Amino acid sequence: MNILFIVIAVIFIILVLPIFLSSAFSMSRSIEINSSAAQVFSRLTSLNEYVKWNPFPEGDPTNQATVNGEGVGSFLIWKGKKTGEGKMTITNIEPGKKIDVKMEFYKPMKSEGMVHWIVNANSDSKSELIWSFEQELPYFNRYFGLIMESMMGKHFERGLKNYKAIVESAN
């Protein structure tokens, strides 16, 4: 009888707990770059440049990325054993300020989200780059919201460091 009660309790928790978890996930990281806001922004509008600083395929030699186009409407398709499969598309560019990127994940789990790269001038020679991500989580995927920050945050931090190194070495 105790085992039956435990099984029922576990099933109840699995089915009911997502009601209390947020359906929205968001996170962001930022870094200060020793370069003007214009220089920091200029490389963000090209997904060909993103391939150079993208932290996600690091450690996945099977990852392949294909870029099509420049600016709004351009997209990158990726596929790898560790990185999964997906597509990112630049949907909006606010010149000198912000770029919005639609993320479509196909494998290992189908979902969508939005990335925002925001550039703020701290002075003539220093800028802040903010990399944020937001996603609506379906009912049972709300559990992933509990661990996504720890899984993705380190990649965002690594990517920002990669980007900082590229921009500052071009000065």
Practice task
Please specify each residue of the stretch 143-171 satisfying the condition of being within 17 Å of the chain's Cα centre (by Cα) and modelled with pLDDT under 90.
Solution key: Phe144, Gly145, Leu146, Ile147, Met148, Glu149, Ser150, Met151, Met152
Problem - Residue match in the stretch 24-37 (condition: part of a loop (DSSP other than H, G, I, E, B) and either among the aliphatic types (A, V, I, L, M) or touching a Leu at 6+ places or on another chain (Cβ under 7 Å) (or both)) - result: no
Problem - Unmet criterion (only one of (1) aliphatic (A, V, I, L, M); (2) more than 15 Å from Met27 (Cβ to Cβ); (3) surrounded by fewer than 17 Cβ atoms within 10 Å (Cβ to Cβ)) for Ile130 - result: (2)
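Suppose the filter is of a type outside the set (S, T, N, Q) and surrounded by 16 or more Cβ atoms within 10 Å (Cβ to Cβ); does Gly153 pass it?
It is false that Gly153 is of a type outside the set (S, T, N, Q) and surrounded by 16 or more Cβ atoms within 10 Å (Cβ to Cβ).
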Handout entry: Top-ranked residue in the stretch 1-56 [being of a type in the set (Phe, Trp, Tyr) and over 17 Å from Trp131 (Cα atoms); ranked as nearest to the chain's Cα centre (by Cα)]
Key = Phe20
Problem - Candidates Val72, Val67, Val167 - the one that is part of a strand (DSSP E or B) and closer than 30 Å to Ser35 by Cα - result: Val67
Handout entry: Candidate set: the stretch 62-85, residues that are without any contact (Cβ under 8 Å) to a residue 24 or more places away in the chain and β-branched (Val, Ile, Thr); chosen: the one farthest from Tyr106 (Cα to Cα)
Key = Val72
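The values are calculated or read from the model by the stated rules, or taken from the named source; none is laboratory data. Computed from a prediction, not measured in an experiment: that's the story for all the values here. Don't worry about glycine lacking a Cβ; one is built from the backbone with ideal geometry, like all the others, and counts go over all protein chains shown.
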